[in-house]
Amino acid sequence: MKFEIEYSTIGSVAGPLVVVDKVKNAKYNEVVRIKLGNGETRLGQVLETSDKHAVVQVFGPTDGISVDKTTVSFLGETFEIGVSETMLGRIFDGQGRPRDGGAEVVPDKRMDINGSPINPASREKPSDFIETGISAIDGLDTLVRGQKLPLFSASGLPHNELTAQITRQANVKNSTEGFAIVFAGIGINYDDSAYFIDEFRKTGALKRTVAFINLADDPSIERILTPRIALTTAEYLAYEKGMHVLVILNDMTNYAEALRELASAREEVPGRRGYPGYMYTDLASLYERAGIVKGKKGSITQLDVVTMPSDDVTHPIPDLTGYITEGQIYLSRDLVNKGIYPPIQPIGSLSRLMNNGIGSGKTREDHSGVANQLYTFYSKSLDVKSLSAIVGAEALSDSDKLYLKFGEEFENRFLRQGFYERRSIEDTLNIGWELLSMMQEGELTRIKKDHVAKYYKRQGKEEGHGAKKAEEAPAHSGKEERKRSK
Amino acid sequence: MGIIERISGPLVVANDMLGSNMYDVVKVGKQNLIGEIIQLRGERAVIQVYEDTTGMGPGEPVTSTGMPLSVELGPGILSNIYDGIQRPLEVLRSKSGAFIGKGLTAEAIDRKRKWKFFAEKGIKNGAHVRPGEIIGHVQETENIKHYIMIPSGIEGRISGLKDGTFTLDQAVAKVERNGKQIPITMVQKRSVRRGSPFRHKFRSSEPLVTGQRVLDAFFPVAKGGTAAVPGPFGSGKTVIQQQIAKYSDADIVIYVGCGERGNEMTDVLVEFPELVDPKTRRPLMERTVLIANTSNMPVAAREASIYTGITIAEYFRDMGYSVAIMADSTSRWAEAMREISARLEEMPGEEGYPAYLPKRLAEYYERSGKVESLNGRMGSITIIGAVSPAGGDLSEPVSQGTLRVVKTFWALDAALAGSRHFPSVNWLTSYSLYLDALKEWYVKSIGEEFVANRNEATKVLQREAELKDIVQLVGADALPDNEKLVLEVGRMLREDFLRQNAYDETDASTSLRKQDMMLRAILHFRKKAEEALSHQVATERILKMKAREQVARMKEVKEVEVERHEKKMLDEMDAEFLELRKEYQEAQE
């Protein structure tokens, strides 16, 4: 045991910050132990150090800390957590202490929770398709192993259900290795936390899950630690134990708010909406911990929940998140109001790594074309819909009416699916082709010709009908033309 | 040697630093982290540290190297991937594994490798040589001759210059100055924060051909010019930058991943060695230098990465190459400046950015240009900078500071990206101020018609946008036939010409010849359709023509088939129109 000096020279306490005077050798980012007058101890971390004083951020409440009776000792190490495989199946609090009444974990290894940046030259290109069983994701915004993809949600939307469903169903195609799950509840309420734990328990996922829960009434500063502890555990499981880990950070908005609280306590110059100017870098230090590393068997895939304050995607939290993550999945209030689950709005949603994970040999050769074509038609149908709201459905042309119908069918048959419904990628693409076959074959210009020839479903009757109509057209329009010229 | 007094994140204040200079590189603390002096106050120096300062404490030593932040330049630099301060990431990987350790140093260029050096024929031993003068070359890759130049500050009588095989540390010649013999090796150092000297700068008259239709045909950037690509996330900034890195006709490409995603750099690292330069048939990696300081790597090194990139670019420019440098993203660079400025407790300007932000942006973009270098060769640097405005709002300081200096503006549009129209360059708000300067080149290289067609196409798109506003109110049926046709031609231009699929083998890059064909076909359709309308053919029928699908599938035409295809397509189009007109004539009679 190292010799520790206990400083009783606290100069000031403000919010989560304690300034300790007359400290000579505090190291930057070093962990400190704070001992209260009543014997209680709390942990903190050095935020700034000089030859005169150290600024310490306390992980926990600062009530009970006094200038005269509290002592601070500097532990000479950065924040570390003991990790072990036996953590699977366990539930911890936001600082990594058991919350399930079980014993302390006997650590296999101690790891710095801040991790180190992955060398870009050591990264492996993520390209293993993850089948979530959800058409809107698998078909249009495919997730691959090693990706970080946030759910852009908002209050009142079913992001918890969707997260639970993905967690239950996600699997890599043609692979028997399931995912180990590291769940970080960041500032979520008791209800949501209990929902996830129940879900994991019900589906048997709990035994391959490590959960860290920081509840809404837990100290907000602890939220700075929770995702880091979760990611460190994930790195241990992935890179030391060779597991494929799915990390769920729920909800990053609460994390960012804790960051702002800390920045304002430090009297920093605020950036947009009071969030600190370094929030991009800070968020990146979490999100960028997803990935696959050369020479290691495991991988880390991240699913981050971001609830957009007042549904505003330009708010700094979703905005900066979108700049770091590899795409985003939007949940839509409109779709919820239409009773569609999962309410994933394809327009705006994006998976940047999709093209790595799809195509022949991975999903199916027509995947890219089908996704683009569905997307184009659906986007067009929404345009037509907003047009019809102004000019009335009667004024729409036949082809516009067809788009409108396509949009409805797309929402009802492609997007909508059950909470326990798991669709294979083939099913998803086949539903796609059923929808595409509503349209004229010649319109499918975003799909390769031979794929159209192979998968397009010609409906004999309707096809003939359509062709006949086209033949009638010249005479008909000719008449019209004459009428007009009169 | 100084002593650390205060540490706050990447910022360290050290005392007893008398004798060190502004912008000197220093070694900080017991771990020897690399830092740079950014402020001097009496005996105190403020240092920004390029690595994580965790675990460092007051009282630890600081030593100055007496050198400003520099890059090493010499044969072996191509195909490398560096961090923001030019440490080769592959070497760091062999030293510290998958994660980047601290206090690591590594030679930027391999010192063991031997190169075959060919002395410049025109230079006789005993001749007087000046800085920048070419004394020989090394065949660095199959297509790139790496010229060896006299470093700055060295001038005098040359001796001992001859062909031979050398490592970077061995002298290939000596230069006598004031009675002293200075050995000349193939490696030189250049300070990054100031531009390298040259003789003259010229206005550029040749475009950087990118293979991207919307850029080449509508908003070209000149070789030696500047372009900004601002856009919200998901609008395809990175894809467009990577496309240019892959398909542009620059000799050398410097790609700076500045505070962006790690996986994107991996993409480049995996793809570039596999992709073949269409011009030289050699792997793209052979003409590329990558600089990757991803968002989770130290923020001060991110600030330096942009300068590291441009200094390497200048080195190749001086050899007479056309260099294109992509910086993705300059906003992250500006944020790094902001973070350091805030820690310095400087008075903030707009949105917390330092007041010197616009100046730094302007200085950076001014390092572009077509120049005659000190040795008389003509080289150029084209700078393409991505901007990531918060919330996609261009009124923020980085976008505004950039738009004031750049001459090409590719406005990426969230709505277009939302409907998967990529590249999502908005054709109404983007601009290129090089159009006039480049016109002559276009006329000479592809023909007058291309320029005329381009102008017609922009007019159609402008008109289409106006009509669409009307359609939003009254519906498309209320428009007269010729305006319905404008809508259709506008749609063709947008979907069949401007939209381009970066992930499709054939469509990823389009030659100017094929671009010419595509534009001509669409506008030919327009002409024929107008004629048909004047012969009372109904628009409904024109909108159902087979030719439309033909036009839509032009993208799939391979480059080698362009000539043959063009003729066939136009003939078939004419025939179909003729058929249609006949039909109507008969119906009327």
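The figures follow:
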item: Failed item in (1) within 11 Å of chain B (Cβ to nearest Cβ); (2) touching a residue at least 60 places away in the same chain (Cβ under 8 Å), with A:V370 passing the rest; result: (1)
item: Test: residue in the range B:49-59 that is away from chain A (no Cβ under 14 Å) and either of a type in the set (F, W, Y) or buried (at least 18 other Cβ atoms within 10 Å of the Cβ) (or both); result: no
item: Those residues of the range B:546-572 which are in a loop (DSSP other than H, G, I, E, B) and either of a type in the set (S, T, N, Q) or surrounded by 15 or more Cβ atoms within 10 Å (Cβ to Cβ) (or both), in sequence order; result: B:V557
item: Verdict on A:G339 being assigned to a loop (DSSP other than H, G, I, E, B), more than 8 Å from chain B (Cβ to nearest Cβ), in contact with a helix residue (DSSP H, G or I) (Cβ under 8 Å, 6 or more places away or on another chain) and on the phi > 0 side of the Ramachandran plot; result: no
item: Some residue of the range B:376-390 being away from chain A (no Cβ under 11 Å) and either among the aromatic types (F, W, Y) or in a loop (DSSP other than H, G, I, E, B) (or both); result: yes
item: Hits in the range A:45-66 (condition: outside any strand (DSSP E or B) and of a type outside the set (S, T, N, Q)); result: A:D51, A:K52, A:G60, A:P61, A:D63, A:G64, A:I65
item: Neighbours by Cβ (under 6 Å, 6+ apart or cross-chain): first from the range A:376-393, assigned to a helix (DSSP H, G or I); second of a type in the set (K, R); result: A:T376/A:R446
item: Near pairs, Cβ below 6 angstrom, 6+ apart or cross-chain, from the range B:357-381 (within 14 Å of B:A222 (Cβ to Cβ) and assigned by TED's automatic domain parsing to the domain that holds B:T402) to any residue that is surrounded by fewer than 19 Cβ atoms within 10 Å (Cβ to Cβ) and among the basic types (K, R); result: B:G369/B:K201; B:V371/B:K201
item: Selected residue (criterion: nearest to B:L543 (Cα to Cα)) from residues of the range A:394-417 that are facing chain B (nearest Cβ under 10 Å) and assigned to a helix (DSSP H, G or I); result: A:S399
item: The range B:471-490, residues that are loosely packed, with under 14 Cβ neighbours inside 10 Å and part of a helix (DSSP H, G or I); result: B:L473, B:V474, B:D477, B:A478, B:N482
item: Within the range B:284-321, tally of residues that are within 14 Å of chain A (Cβ to nearest Cβ), under 17 Å from the mean Cα position of the chain (by Cα), crowded, with 24+ Cβ neighbours inside 10 Å and of a type in the set (A, V, I, L, M); result: 3
item: Output for the range A:10-30, where each listed residue is in contact (Cβ under 8 Å) with a residue 60 or more places away in the chain and surrounded by fewer than 23 Cβ atoms within 10 Å (Cβ to Cβ); result: A:I10, A:A14, A:G15, A:L17, A:N29
item: Wholly enclosed helices (runs of 4 or more DSSP H) of the range A:419-486 bearing at least 2 residues away from every other protein chain (no Cβ under 14 Å) and modelled with pLDDT of 95 or more; result: A:425-436
item: Residue match in the range A:23-41 (condition: in contact with a Pro (Cβ under 8 Å, 6 or more places away or on another chain), not assigned by TED's automatic domain parsing to the domain that holds A:R266 and not basic (K, R)); result: yes
item: Top-ranked residue in the range A:122-140 [being facing another protein chain (nearest Cβ under 9 Å) and surrounded by 24 or more Cβ atoms within 10 Å (Cβ to Cβ); ranked as farthest from A:E411 (Cα to Cα)]; result: A:R123
item: Residue within the range A:225-247 that is among the hydrophobic types (A, V, I, L, M, F, W, C), within 22 Å of B:T238 (Cβ to Cβ) and in contact (Cβ under 8 Å) with a residue 60 or more places away in the chain present; result: no
item: Criterion: within 14 Å of another protein chain (Cβ to nearest Cβ) and over 21 Å from B:E495 (Cα atoms) - qualifying residue of B:E549, B:E579, B:E561; result: B:E579
item: Count of residues meeting criterion [in a loop (DSSP other than H, G, I, E, B) and farther than 22 Å from B:N296 by Cα] in the range A:128-172; result: 12
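The rows are residues; the columns are (1) over 40 Å from the mean Cα position of the chain (by Cα); (2) charged (D, E, K, R); (3) within 14 Å of chain B (Cβ to nearest Cβ).
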site	(1), (2), (3)
A:T9	yes, no, no
A:A14	no, no, no
A:K22	yes, yes, yes
A:D51	yes, yes, yes
A:D63	no, yes, no
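The values are calculated or read from the model by the stated rules, or taken from the named source; none is laboratory data. All values reported here derive from a predicted model rather than from experimental measurement. We place every Cβ from the backbone using ideal geometry, glycine too, and count neighbours over all the protein chains shown.
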